[in-house]
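Undergrad: Here it is, the structure, as structure tokens.
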Amino acid sequence: MANLTRSDFRFFHRLRVRWAEVDLQKIVFNGHYLMYVDTAIADYWRALALPYDLTMQALDGDLYVKKATVEYHASARLDDQLDVAVRCGRVGTSSILFQSAVFRGEEHLISCDLIYVFANPATQKSKPVPMAFRDILLAYEAGESTLSMELGSWQDLGQAAGEVRHEVFVEEQRIPVEMEWDAADQTAIHALARNRMGIAVATGRLLQQAPGVGRIGRMAVRRVLRGANLGRDVLQALIRAAAARGDTEVMLHSQRTARGFYERLGFVPRGEPFEEAGIMHIEMVHPL
């Protein structure tokens, strides 16, 4: 097992040790480290912008753990803040090695190697790792972007953007279909983020609210990929589009739960909260 340091990794997942994870000595029970690594790998898929189920369906396969090796160097204790690092160490013909390390600050506590086999989900017999999947893993580890961003019309992007919006607004938030679609889509500038497999993962649109004022709306990110900055990337693409056409400000109606997200990106609230499509919103504005 390789001797790894923080500088060997691009991806880190942060967690804090809880009471349920420690023994009577208040140190982490050894079996929990595999759970920490498994949780970090789930976040690693988000960093790759890969919704796991859709990705494996597209690849016509699935990943199965073949071997797990853990090496213990020191113990984590109750309430420690830990960083669980993950990297793709090697892609073989039909297997993938993920290397992980648990750090407390700069102190290396645990090393873990997980070997996954790519296999047919019906028979669980191994098959070659698809070249598209191999390229995504190696590109990410090389520091390349996991996304492409497109700006265009509803005619060009509507089918893919509509799939994301339907999943988020209609299926997840249960907004009636007739309230989700409107004629404004036909005149809006749409932003669409795709991962390296071409799967649409996030979208939003920009309208002309008034002369010099852009209105951003229909911001949607696939649920399993939230927290990976996809919404930020879409929003910034729309802000740039508004600035490029000469707008002096952009505004939007933020759901109450998303207010903090927009405030961190420079939006400020204006007016009082109100209900829209059965969900509480507040108007927010960003000067350009």
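The values are calculated or read from the model by the stated rules, or taken from the named source; none is laboratory data. No experiment lies behind these values; they were computed from the predicted model shown. Cβ sites come from the backbone with ideal geometry, for glycine too, and all protein chains shown count toward neighbours.
Undergrad: Of the residues D53, D80, which single one is over 12 Å from the mean Cα position of the chain (by Cα), at pLDDT 95 or above, acidic (D, E) and not assigned by TED's automatic domain parsing to the domain that holds M197?
TA: Exactly one of D53, D80 is over 12 Å from the mean Cα position of the chain (by Cα), at pLDDT 95 or above, acidic (D, E) and not assigned by TED's automatic domain parsing to the domain that holds M197, namely D80.
Undergrad: Hey, another quick one. Filter segment 270-288 down to the residues that are more than 20 Å from L206 (Cβ to Cβ) and not aromatic (F, W, Y) and list them by number.
TA: Matches in segment 270-288: G271, E272, P273, E275, G278, I279, M280.
Undergrad: Still on this structure, I have one more. Of the residues that sit in segment 223-271 and are exposed (fewer than 12 other Cβ atoms within 10 Å of the Cβ) and of a type in the set (A, V, I, L, M, F, W, C), which one is nearest to T146 (Cα to Cα)?
TA: The extreme case among them is A244.
Undergrad: Let me ask another. Every residue in segment 233-257 that is in contact (Cβ under 8 Å) with a residue 12 or more places away in the chain and of a type in the set (A, V, I, L, M), please.
TA: V234, L235, A237, L238, I239, A241, A242, A243, V250, M251, L252
Undergrad: Related question: Filter segment 175-212 for residues that are over 26 Å from the mean Cα position of the chain (by Cα), surrounded by 12 or more Cβ atoms within 10 Å (Cβ to Cβ), aliphatic (A, V, I, L, M) and over 15 Å from W154 (Cα atoms) and give the result.
TA: Within segment 175-212, just M179 meets the criteria.
Undergrad: Report, by residue number, each residue of segment 125-153 that is assigned to a loop (DSSP other than H, G, I, E, B) and charged (D, E, K, R).
TA: Passing the criteria: K125, K127, E144.
Undergrad: If you don't mind, there's one more thing I want to ask. Scan segment 164-173 and give yes if some residue there is among the aliphatic types (A, V, I, L, M), surrounded by fewer than 19 Cβ atoms within 10 Å (Cβ to Cβ) and not assigned by TED's automatic domain parsing to the domain that holds S94, otherwise no.
TA: Yes, some residue in segment 164-173 is among the aliphatic types (A, V, I, L, M), surrounded by fewer than 19 Cβ atoms within 10 Å (Cβ to Cβ) and not assigned by TED's automatic domain parsing to the domain that holds S94.
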